[in-house]
1. Here are some conditions: (1) free of Cβ contacts under 8 Å to residues at least 60 places away in the same chain; (2) within 13 Å of the chain's Cα centre (by Cα). A:GLU95 meets all but one. Which one does it not meet?
2. For region A:1-19, what are the residues that are more than 18 Å from A:LEU72 (Cα to Cα) and either under 17 Å from the mean Cα position of the chain (by Cα) or without any contact (Cβ under 8 Å) to a residue 24 or more places away in the chain (or both)?
3. Among the residues that make up region A:32-45, is at least one of them among the charged types (D, E, K, R), surrounded by 16 or more Cβ atoms within 10 Å (Cβ to Cβ) and within 24 Å of B:GLU98 (Cβ to Cβ)?
4. Which of (1) in contact (Cβ under 8 Å) with a residue 24 or more places away in the chain; (2) within 30 Å of A:ALA117 (Cβ to Cβ); (3) not aromatic (Phe, Trp, Tyr) is the odd one out, the single condition B:LEU146 does not satisfy?
5. I'm trying to understand the selection: among the residues of region B:27-43, which are over 26 Å from B:ASN17 (Cα atoms) and surrounded by 13 or more Cβ atoms within 10 Å (Cβ to Cβ)?
6. How many residues does region B:99-133 hold that are more than 14 Å from every other protein chain (Cβ to nearest Cβ), touching a residue at least 40 places away in the same chain (Cβ under 8 Å) and under 16 Å from B:GLN159 (Cβ atoms)?
7. For the list (1) touching a residue at least 24 places away in the same chain (Cβ under 8 Å); (2) assigned to a helix (DSSP H, G or I); (3) within 30 Å of A:THR29 (Cα to Cα), I need the number of the one condition that B:GLY81 fails.
Amino acid sequence: MAYSEKVIDHYENPRNVGSFDKEEEGVGTGMVGAPACGDVMKLQIKVSEDGIIEDAKFKTYGCGSAIASSSLITEWVKGKSIDEAQEIKNTDIAEELALPPVKIHCSVLAEDAIKAAVSDYKEKQSK
Amino acid sequence: MKNPFELFGLEPNFLLNEPELSQKLRNMLQAVHPDRFASGSDQEQLAAMQKTTQINDAYGILKSPVRRAQALLQLKTGVDGTGEVTVKDPMFLMQQLELREELEILSDKKDMNGLLAFAEEIESMEKKQIANINDFFQQEDENHALDSDKILTEIYKLQFLRKTLIDIEAAEEKILG
């Protein structure tokens, strides 16, 4: 299958790979997986006191499209409020990366991961 | 069309006897072998070919624990477990992520013995998970309907383990060149 140039770029030079300590104040961790292809994605956000995402990191085991989708979304969420981050749609990711129909689920996974990270952050805050 | 269990004349159970399945496959394929229809009409030849495809497709489902479990779940509860869904169980996924990290380290070190030992570890986890799924299928009786959500979740777990095993094999092949 032919990957788009943008997918290849993110795959070869993934942005924001790594981890934060998930116990750290202001860190939200989203874990998601796709059983059909076996991909596993961890996406973490570091949120400032005024609710702005200062930094984001990811670790993804999966195909090029899954890595590119998570890499792209970590770039997009930086500087956004947590509410704005939740507004990101998988279709925006799929369009930006020119994902073929069989790889759309990779962008869904990235959207689900950011939502899971935000909800983990909110849950931690409410404790 | 007959479901794969029916096509092979098997009771719809999750556990099956693999030698028996292979034997049935050979017999069934022989019965529809093109050579037997060489002098038959075009229609007979086509029917034999279609039957061969059906048999091979059904065999592919039955011999794979994941696909067999999905087929059985569909048969018993009508639930289709083959779609693309997102799993969000953090504990399980964290464990899977750690397994992939371990694989990545072994692969980078080109540690063949380590990979073989790691494969054994995952295979034993896979065996346990297959037994686990079987237990859930066994819970069906006149008083209990199958818990399709629970079974689906357990099949998903098996799918991640399978993927890890595929990745281990790929890592081994890469080292062997």
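Rule-based calculations on the coordinates, nothing more; no lab input. Nothing here was measured: the structure is a model prediction, and the numbers come from that model. Positions of Cβ are generated from backbone atoms using ideal geometry, with glycine treated the same way; all protein chains shown enter the neighbour counts.
1. (2)
2. Looking only at region A:1-19, we keep the residues that are more than 18 Å from A:LEU72 (Cα to Cα), and these are A:1-2.
A:ALA2, the sole residue that qualifies.
3. Initially, region A:32-45 is screened for residues among the charged types (D, E, K, R), giving A:39, A:42.
Checking the rest, the ones that are also surrounded by 16 or more Cβ atoms within 10 Å (Cβ to Cβ) come to A:39, A:42.
With within 24 Å of B:GLU98 (Cβ to Cβ) added as a condition, the list becomes A:39, A:42.
Yes, there is a match, as at least one residue in region A:32-45 is among the charged types (D, E, K, R), surrounded by 16 or more Cβ atoms within 10 Å (Cβ to Cβ) and within 24 Å of B:GLU98 (Cβ to Cβ).
4. (2)
5. Answer for region B:27-43, where residues must be over 26 Å from B:ASN17 (Cα atoms) and surrounded by 13 or more Cβ atoms within 10 Å (Cβ to Cβ): B:ARG36, B:PHE37, B:GLY40.
6. 2
7. (2)
Results for (1) hydrophobic (A, V, I, L, M, F, W, C); (2) surrounded by fewer than 17 Cβ atoms within 10 Å (Cβ to Cβ), shown as yes or no for each residue.
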residue	(1), (2)
B:GLN96	no, no
B:MET112	yes, yes
B:LEU115	yes, no
B:ILE122	yes, no
B:GLU140	no, yes
B:ASN143	no, yes
B:ASP149	no, yes
B:LYS163	no, no
